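What follows draws every value from the coordinates through simple rules; no lab data is involved. Since we're looking at a predicted model, the values are computed, not measured. Cβ coordinates were reconstructed from backbone atoms using ideal geometry, including for glycine residues, and neighbour counts include every protein chain displayed.
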Amino acid sequence: MTHNATDTLLRQLGWLVQAPALLPCSPFHDAGHLLQRELQADPALLHNAATRLQSHPGPRRLGLIFEQWVAALVDASQGQERITSNLPIREQGRTLGELDMLVRDRQSGELWHWELALKFYLATAEQWYGPNRHDTLARKAHHLYQQQLPRSRSNVARAQLAEQGWEVHGQALLTRGRLFYHRAIPPTGVKPNPGHERGWWRTTDELEDGPWSIIERPYWPTPFMSDKGTNFVDRATVIDYVESHSRALMVTGPHHDQPGFIVPVSWPTP
């Protein structure tokens with residue numbers, strides 16, 4: 001990995017630890033606060049986690065990249081031990097779901113169930129939509145709070161964990177990402193963490209003149225940290241790509257201090 005790539009990875013890991021939560025954690029615990037305390041206790045945490053990540057090729061899917069980053073930080077920490085990741089919970093041969101991560105506090109010995117989410121949503125008059133139109137913030141929040149986090153409390157999960165000598169003390173949530181606002185549309189629906197990271201969105205017919213820098217998907221979490229350099233394109237190029245592929249595109253521009261999504265005129269209608 002090049003020096004620039006290593007520096008970028010360190011900044012990305014730093015962002016993961018220090019960034020605000022996307023969704024409120026209550027009534028569950030905030031795993032992000034725990035990572036922040038680990039970094040305060042050990043300033044070498046980011047470097048040690050980056051070394052672990054550099055030792056093998058990473059996944060390409062953004063959600064899996066995020067999971068790998070979190071795992072590396074926990075594994076490199078002095079106070080936490082990652083017991084397992086993506087543990088399937090099964091009943092009579094049927095998979096009911098997974099526990100994203102089990103983490104043991106080395107000092108107290110307590111075992112915690114962590115759920116992780118990295119998400120991006122755009123505000124519409126109806127609800128928050130993901131760039132691909134299929135995902136919504138309401139659906140994800142319901143899944144997290146009503147299904148994923150309580151799963152380790154179920155009788156089936158507790159019995160399965162007990163077979164390994166494990167007993168979960170509590171649940172913790174780690175959410176990161178960004179919500180994108182339209183200047184003419186007030187957001188509705190699920191209430192995010194008030195301090196969440198923000199961006200903007202426009203349809204192609206609302207896009208101002210450039211130049212614009214296209215942000216590739218792996219850099220959506222940290223759009224100003226790419227190690228690929230900055231290649232600017234004009235307004236017409238952005239519009240042609242978005243409309244011809246019917247796909248949202250993240251961009252940054254010299255006159256914006258936040259990233260934005262450019263979407264087809266018909267968005268969110270397929």
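For segment 180-263, with only Lys/Arg (+1) and Asp/Glu (-1) charged at the beta-carbon, what is the dipole magnitude about the Cα centre, in debye rounded to 20?
360
Looking at segment 187-243, which trypsin sites (Lys or Arg not before Pro) are DSSP coil and have at most 16 other C-beta atoms within 10 Å of their C-beta?
Those satisfying the criteria are K228.
The ellipsoid that matches the Cα gyration tensor of the chain has semi-axes, each √(5λ) in whole angstrom, of 35, 23, 16, with the longest given first. Note on segment 42-60 and segment 199-252: Cα centroid distance 29 Å, given to the nearest whole angstrom. Based on DSSP, what percent of beta bridges with both residues in segment 45-175 are antiparallel, to the nearest 5? Restricted to segment 45-175, the bridges split so that about 70 percent are antiparallel. Angle between the Cα long axis of helix 62-76 and the longest principal axis of the chain, 0 to 90 degrees, nearest 10? Between helix and principal axis, roughly 40 degrees.
Normalised by the number of residues in segment 1-72, the mean separation of alpha-carbon contacts (under 8 Å, six or more apart) gives a relative contact order of 33 percent. Rounded to the nearest 20, the Cβ-based charge dipole of the chain about its Cα centre (Lys and Arg +1, Asp and Glu -1) stands at 460 debye.
The alpha carbon convex hull volume per residue for segment 180-263 rounds to 114 Å³.
Annotation: amide H-H contacts under 5 Å for G210 (H modelled 1.01 Å from N, sequence separation of 5 or more, or interchain): R235.
Mean sequence separation of contacting Cα pairs (under 8 Å, at least six apart), scaled by the length of segment 180-263, corresponds to a relative contact order of 36 percent. For segment 1-128, a/c is less than 1.5, where a ≥ b ≥ c are the root eigenvalues of the C-alpha gyration tensor. That puts it in the rounded class. Normalising the average separation of contacting C-alpha pairs (under 8 angstrom, six or more residues apart) by the number of residues puts the relative contact order of the chain at 19 percent. Available extension along the chain between S246 and R94 is 51.0 nm, counting 0.36 nm per residue and deducting the alpha carbon span.
Amide H to amide H, with H built 1.01 Å from N, H169 comes under 5 Å of L111, W112, H113, counting only residues 5 or more places away or on other chains.
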